[in-house]
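Notes follow once the structure below has been shown.
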Amino acid sequence: MPDVTALLAARLQAAFDRLSPGADPVLRPSDRADFQVNGALALAKQLGRPPRAIADAVVATAELSDMCERVEVSGPGFVNIVLSEEFLVQRVAEMATDPRLGIEAVPVPEVVVVDYSAPNVAKEMHVGHLRSTVIGDSLCRILGHLGHRVVRENHVGDWGTPFGMLIEHLNDLGEATAVHELSAGDLNSFYQAARRSFDADEVFRERSRRRVVLLQSGDPETLRLWRVLVDQSIAYFDEVYAKLGVLLTDDDIRGESFYNPLLPSVVEDLRAKGLLVEDEGARCVFPPGFTNRHGDPLPLIVQKSDEGYGYAATDLACIRDRVDRLGATRILYVVGSPQAQHLEMCFAVAKMAGWLREGVEAEHVSFGHILGSDHKMLRTRAGASTKLVDLLDEAVTRASSAMTERGRDEDLSEAERIAVARALGIGAVKYADLSNDRTRDYVFDWDRMLAFEGDTGPYLQYAHARIRSIFRRAAAGGTPPAEAGTVVDAEVPDSTAPVSLAAPQERALAVALLGYPAALGAAAKDAEPSKLCAYLYELSSAFTTFYEHCPVLRAPERATRESRLVLAGTTARVLREGLSLLGIEAPERM
Ligand code: ARG
């Protein structure tokens, strides 16, 4: 079933092409009609003709009679489009009986590498890693659902000069004590203590430097100690991933150390291509267009004067590996906005070197900061940076109290109550993160994200659970189950029952349902899960209005009741699937 918006856009494009090839119809959902076409205004300016004349020409030539009831020019030159009831009924019926809810797999799947999470060994994950993990997880789910081949890569920071100091600190503490500290998730105190010794003690600094050399030359004992640090940290990261419920596994770890053996050839290749410049002993590439504050060309340092390779060299080797070994056609870097310039420079150099070929797209999926209520970087009350596990545990505790306050489903067992609190708490944190335009900073606000009203995770989960409860009641014959505590399995509604859209709220819900494929497509194209969030919120709101005006189980006629069950059932399926593509659970009852 082709997506309604796409179908409409294609028909309008044909009409616009006749006036000026490639002109954008600018199709938008509308409150007054179903859709509004705004492209006539820009085109009129371009062609030097009155906007209404352009709009008239679009109305006259666009082939829309099979889908629309009304197509008319309004205002200065907008075109309002009202879909016909017959068309809507037919499309909704198709969607209701389609296991894929109208989402077609893409005709040409891409190989999409998603670089996300990427915490650093022996360092606490910070909220930036939370954002990367949550956004990346959702993108993997969305792209995978659309039929792309997704390769998850966790670019863990597990290599480089800090490991000299970390290994020496591990030795000073004694291996057993160090392991104990790290396995308790005390990554920050471990890292900070190492840092303090490094800053205060010249002998320690010298030992650290020698240790880096041993590590790079592959000394077995040094490598063993390095492995201890890596394994302990990964065990801790896995704990966070388990609490979050994300797709990442240890198989997805492709840390910086993996690229270490490939670094010399990166430098050699750049030299052979004549791109390498010696600058004060360092080997650099100067990609055109990048300058510092004073307008001087900015170098991407590939090898430092002490022969050591840096973060940039690793990222260059990594791009080459993703294109050559993995066959990537699209590479998404879910990394915070402070690294924008680093990534843009890496992409530019990789293009110059021919590693990022024509047909391979590298994109920085940038995101902003999470702020505290004081609008500064999020901290705990004590002023330390927030520890991620604590934050997630607090989310679940708060969700649990919110459930009690709100009055929860009486039939929930204790085990179910705990599972629902977890789904609500973690879902609230994820939704708060995903629903904002990702490039913007946002304020972390417990009360807002856990509210059952408004654009929140719990609101969407509640809308879903409410529909499921309609089906439980329908299955129980419209009356509550006789014995409290009896769980009646909610039957799948008869999704083949004929649909009617007599009430405006039924019609609005149908139009909202049919927007699902377009919303998912936009989220995938722009690597922007907030587009899916906005859609699901709109759908829930349409459902809420529908449910206020159109009784379902108490509908006057059997046919109306069945039609409304199809609309409600399809809404529940879209909500459940949409939430799962955001990485959020949709409990049956709450
Ligand atoms: N480990 C880095 C950090 O914590 C993020 C790595 C992002 N990915 C990359 N390919 N550079 O800042």
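The values are calculated or read from the model by the stated rules, or taken from the named source; none is laboratory data. Everything numeric here is computed off the predicted structure, so don't read it as measured data. Methodologically, a virtual Cβ is constructed for each residue, glycine included, from the backbone with ideal geometry; neighbour enumeration extends over all protein chains shown.
Computed quantities for the displayed model
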read-out: Among (1) touching a residue at least 24 places away in the same chain (Cβ under 8 Å); (2) farther than 28 Å from Asp437 by Cα - the single one Thr544 does not satisfy; value: (2)
read-out: Some residue of the stretch 379-386 being at pLDDT below 95, surrounded by 16 or more Cβ atoms within 10 Å (Cβ to Cβ) and within 16 Å of the ligand (Cβ to nearest atom); value: yes
read-out: Unmet criterion (only one of (1) at pLDDT below 95; (2) crowded, with 18+ Cβ neighbours inside 10 Å) for Val335; value: (1)
read-out: Some residue of the stretch 191-210 being closer than 25 Å to Thr249 by Cα and either assigned to a helix (DSSP H, G or I) or more than 16 Å from the ligand (Cβ to nearest atom) (or both); value: yes
read-out: Candidate set: the stretch 146-183, residues that are among the β-branched types (Val, Ile, Thr) and in a helix (DSSP H, G or I); chosen: the one nearest to the ligand (Cβ to nearest atom); value: Ile167
read-out: Cβ pairs under 7 Å, 6+ apart, first in the stretch 123-134 and farther than 13 Å from Ala432 by Cα, second in a helix (DSSP H, G or I); value: Lys123/Leu187; Lys123/Tyr191; Glu124/Leu187; Glu124/Asn188; Met125/Phe237; Met125/Val240; Met125/Leu388; Thr133/Leu244
read-out: Matching option when the condition is within 16 Å of the ligand (Cβ to nearest atom), in a helix (DSSP H, G or I), within 26 Å of His169 (Cβ to Cβ) and not polar (S, T, N, Q), among Leu229, Leu262, Leu223, Leu214; value: Leu229
read-out: Given (1) modelled with pLDDT of 95 or more; (2) in contact with a helix residue (DSSP H, G or I) (Cβ under 8 Å, 6 or more places away or on another chain); (3) of a type outside the set (Phe, Trp, Tyr), number of the condition Leu391 does not satisfy; value: (1)
read-out: Verdict on Pro107 being within 16 Å of the ligand (Cβ to nearest atom), of a type outside the set (Phe, Trp, Tyr) and either without any contact (Cβ under 8 Å) to a residue 60 or more places away in the chain or in contact with a Lys or Arg (Cβ under 8 Å, 6 or more places away or on another chain) (or both); value: no
read-out: Odd one out for Asp137, checked against (1) closer than 12 Å to Val246 by Cβ; (2) away from the ligand (no atom under 16 Å from the Cβ); (3) acidic (Asp, Glu); value: (2)
read-out: Candidate set: the stretch 321-340, residues that are more than 9 Å from the ligand (Cβ to nearest atom) and either of a type in the set (Phe, Trp, Tyr) or under 17 Å from Gly128 (Cα atoms) (or both); chosen: the one farthest from the chain's Cα centre (by Cα); value: Ala340
read-out: Residues of the stretch 258-299 classified as surrounded by fewer than 19 Cβ atoms within 10 Å (Cβ to Cβ) and under 25 Å from Ile135 (Cβ atoms), total; value: 1
read-out: First in the stretch 309-325 and in contact (Cβ under 8 Å) with a residue 60 or more places away in the chain and among the hydroxyl-bearing types (Ser, Thr, Tyr), second anywhere and surrounded by fewer than 20 Cβ atoms within 10 Å (Cβ to Cβ) and not in a helix (DSSP H, G or I), Cβ under 7 Å, 6 or more apart; value: none
read-out: Boolean, Gly77 is away from the ligand (no atom under 16 Å from the Cβ), touching a residue at least 12 places away in the same chain (Cβ under 8 Å) and small (Gly, Ala, Ser); value: yes
